[in-house]
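Remarks on the structure that follows.
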Amino acid sequence: MSWKKSTELMDTIRHYANFPATGVSLRQMVQFGERPSVGTLFRASQFLSEELPIRLAHRVQELQELPDGLGDMPSIGRVRDWYAQSFEEITTLPKPTLSSEIRDRLLKPQNGKNSRILSEATKNPSINQGQYRSQLHHNNHDHGENRKNALKRYYSAGDDTNDWPPELNDYNTRFSKTLEKIKRRHDSVVTTVAQGILEYKRKRQRMQIDHNIQAFLDRFYMSRIGIRMLIGQHIALTDQRAHSDPTYVGIICTKTNVRDLAQEAIENARFVCE
């Protein structure tokens with residue numbers, strides 16, 4: 001049975017698209033994921049259950065508003081439906097019913113020598129303010145409030161001194177499996193979007209795309225990297241509890257040689273271009 005989007009779902013997506021995405025840095029991911037537990041993973045699940053729908057909603061909205069009929073291409077429509085379906089699966093995943101005591105523990109900051117306040121995300125200097133519609137916008141009047149709300153939504157280490165109820169572990173497992181299914185669904189997004197561009201060129205009888213479409217592709221693929229990073233990190237942290245590697249925190253290698261990676265990327269790009 002094929003999936004079909006409903007009017008109610010699209011209304012919900014438009015609502016979520018009004019909210020800005022919350023920036024998350026690699027440093028924050030490493031600090032948070034160094035000691036994954038049922039409690040920390042649940043807090044991460046709670047954050048992602050809010051953050052991923054916002055990011056997915058922005059992509060659905062943009063795919064609906066593409067210029068010059070690009071959004072009417074069959075392959076683009078297929079990708080748009082994938083994002084909408086993933087949005088629906090996350091937002092409709094049942095959450096556990098928790099006692100007030102457990103909720104208080106989840107909100108309680110971690111105490112002791114291992115406690116820490118996670119670093120703030122550093123602004124990307126290569127991205128101009130307002131360049132992306134999903135960015136957090138602020139002015140002199142609302143800067144403090146927006147900043148507070150954004151930081152408040154980011155998951156942080158809390159009180160893990162006692163055992164957690166099995167409902168939390170069950171939700172963590174279900175949420176991770178949902179993310180795995182979404183990740184597999186989106187594996188072919190790049191090639192499918194490329195197919196959509198080819199369909200557009202054939203229909204318009206053009207060899208090139210204009211700067212508006214190129215700007216969309218840049219935004220779309222940058223967002224895709226961020227979404228897959230969040231999903232991949234959470235899946236890896238869930239799995240890391242059973243398969244620990246001291247040089248990795250989730251999918252992040254703390255011993256990465258950036259120079260070697262950059263050189264490898266250069267060689268790969270040279271090979272493709274030749």
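Bear in mind that the values in this text are calculations on the coordinates, not laboratory data. Small disclaimer: the values here were computed from a predicted structure and weren't measured. Glycine gets a Cβ as well: all are built from the backbone with ideal geometry, and neighbour counts include every protein chain shown.
Laid out as a table, the results:
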read-out	value
Residue tally, condition more than 17 Å from VAL190 (Cβ to Cβ) and not aliphatic (A, V, I, L, M), over the stretch 56-88	12
Residues being outside any helix (DSSP H, G or I) and touching a residue at least 24 places away in the same chain (Cβ under 8 Å) - total across the stretch 60-70	1
Matching residues, the stretch 84-103, being outside any helix (DSSP H, G or I) and touching a helix residue (DSSP H, G or I) at 6+ places or on another chain (Cβ under 9 Å)	LEU93, PRO94, LYS95, PRO96, THR97, LEU98
Hits in the stretch 218-262 - residues which are in contact (Cβ under 8 Å) with a residue 40 or more places away in the chain, closer than 24 Å to ILE90 by Cα and assigned to a loop (DSSP other than H, G, I, E, B)	ARG241, GLY250
Within the stretch 24-59, tally of residues that are crowded, with 20+ Cβ neighbours inside 10 Å and not in a helix (DSSP H, G or I)	2
Filter result for ARG206 (of a type in the set (Lys, Arg) and assigned to a helix (DSSP H, G or I))	no
Flag if THR91 is over 17 Å from the mean Cα position of the chain (by Cα) and on the phi < 0 side of the Ramachandran plot	no
Test: SER6 is of a type outside the set (D, E, K, R) and surrounded by 15 or more Cβ atoms within 10 Å (Cβ to Cβ)	no
Residue count, the stretch 218-241 (criterion: buried (at least 16 other Cβ atoms within 10 Å of the Cβ), within 30 Å of LEU198 (Cβ to Cβ) and over 12 Å from the mean Cα position of the chain (by Cα))	2
